[in-house]
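Engineer: My structure is below; once you've seen it, I'll send some questions.
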Amino acid sequence: KVKSQLEEKEGKTFDIFTAVEFKTQVVAGTNYFIKVHVGNDEFVHLRVFRSLPHEDKPLSLHSYQSSKTKHDELSFF
C-alpha cells in the first residue's frame, strides 16, 4: 500500500518490492519499520504510520532510508 508513495518520493519504480522484516512501535496509532528488498542487493527501510481505527486514514509512508543492505539492522528512526 505504500509502494507508490515510495516510488513517487524516489522518482523511480521498483519491479521487486518484498518485505523481509518488520518491527512495530505503538504511538497514537502504530509505526511499522519495514525492511524491503527492492532488487539485486538493494534494500530500503520504511517507516509506515497506521492511524487509530476510528480515524479511518490510509497507511502513510512517514520516512525511509535507502541504500541499505540485507545485513543492515532494522532500527527505529
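Engineer: Which residue, of 73, 42, is surrounded by 14 or more Cβ atoms within 10 Å (Cβ to Cβ) and of a type in the set (D, E, K, R)? Walk me through it before giving the result.
Structural biologist: Values: 73 fails: surrounded by 14 or more Cβ atoms within 10 Å (Cβ to Cβ).
Selected residue: 42, the only one of 73, 42 that is surrounded by 14 or more Cβ atoms within 10 Å (Cβ to Cβ) and of a type in the set (D, E, K, R).
Engineer: I'd like the full set of residues that are open to solvent by 70 Å² or more (accessible area, probe 1.4 Å) and at pLDDT 90 or above, limited to the stretch 45-54.
Structural biologist: 50 - this is the single residue of the stretch 45-54 that is open to solvent by 70 Å² or more (accessible area, probe 1.4 Å) and at pLDDT 90 or above.
Engineer: Additional query: Just checking, does the stretch 61-71 include any residue being free of Cβ contacts under 8 Å to residues at least 60 places away in the same chain and either among the aromatic types (Phe, Trp, Tyr) or touching a Ser or Thr at 6+ places or on another chain (Cβ under 8 Å) (or both)?
Structural biologist: Start the filter on the stretch 61-71 by keeping residues that are free of Cβ contacts under 8 Å to residues at least 60 places away in the same chain, which leaves 61-71.
Add one more test, that the residue is either among the aromatic types (Phe, Trp, Tyr) or touching a Ser or Thr at 6+ places or on another chain (Cβ under 8 Å) (or both), and what stays is 64.
Looking for residues that are free of Cβ contacts under 8 Å to residues at least 60 places away in the same chain and either among the aromatic types (Phe, Trp, Tyr) or touching a Ser or Thr at 6+ places or on another chain (Cβ under 8 Å) (or both), one finds at least one in the stretch 61-71, hence yes.
Engineer: Return a yes/no flag: does the stretch 55-66 have any residue that is touching a helix residue (DSSP H, G or I) at 6+ places or on another chain (Cβ under 6 Å) and open to solvent by less than 50 Å² (accessible area, probe 1.4 Å).
Structural biologist: Yes, because at least one residue in the stretch 55-66 is touching a helix residue (DSSP H, G or I) at 6+ places or on another chain (Cβ under 6 Å) and open to solvent by less than 50 Å² (accessible area, probe 1.4 Å).
Engineer: Further, regarding this structure: I want to confirm something. Restricting to the stretch 23-60 and keeping residues that are of a type in the set (Lys, Arg) and assigned to a strand (DSSP E or B), which single residue is nearest to the chain's Cα centre (by Cα)?
Structural biologist: Of everything passing the filter in the stretch 23-60, 47 is nearest to the chain's Cα centre (by Cα).
Engineer: Restricting to the stretch 30-69, count the residues that are touching an Asp or Glu at 6+ places or on another chain (Cβ under 8 Å), of a type in the set (S, T, N, Q) and closer than 17 Å to residue 5 by Cβ.
Structural biologist: Here the count works out to 1.
Engineer: Right, another one. Restricting to the stretch 22-38, give me the number of residues that are over 17 Å from residue 67 (Cβ atoms) and either of a type outside the set (Gly, Ala, Ser) or surrounded by fewer than 14 Cβ atoms within 10 Å (Cβ to Cβ) (or both). Before you say what the answer is, go through the steps one by one.
Structural biologist: Initially, the stretch 22-38 is screened for residues over 17 Å from residue 67 (Cβ atoms), giving 22-32.
Right, trim to either of a type outside the set (Gly, Ala, Ser) or surrounded by fewer than 14 Cβ atoms within 10 Å (Cβ to Cβ) (or both) and you get 22-28, 30-32.
The number of residues fulfilling the criteria is 10.
Engineer: Return the only residue of 63, 4, 75 being in a strand (DSSP E or B) and among the hydroxyl-bearing types (Ser, Thr, Tyr).
Structural biologist: Every option except 63 fails the conditions.
Engineer: Right, next: Can you report the number of residues in the stretch 1-15 which are under 14 Å from the mean Cα position of the chain (by Cα) and either open to solvent by 60 Å² or more (accessible area, probe 1.4 Å) or free of Cβ contacts under 8 Å to residues at least 12 places away in the same chain (or both)? Even if it seems obvious, please write down each step before you answer.
Structural biologist: Just the residues of the stretch 1-15 that are under 14 Å from the mean Cα position of the chain (by Cα), to begin with: 1-10, 14.
Restricting the remaining residues to those that are either open to solvent by 60 Å² or more (accessible area, probe 1.4 Å) or free of Cβ contacts under 8 Å to residues at least 12 places away in the same chain (or both) gives 1, 3-4, 7-10.
Qualifying residue count, the stretch 1-15: 7.
The values are calculated or read from the model by the stated rules, or taken from the named source; none is laboratory data. These numbers come from a predicted model, not from an experiment. Every residue, glycine among them, receives a Cβ derived from its backbone with ideal geometry; neighbour counts consider all protein chains shown. With ligands, DNA and RNA removed, areas are computed over all heavy atoms of the protein, side chains included. Shrake-Rupley method; radii C 1.70, N 1.55, O 1.52, S 1.80 Å.
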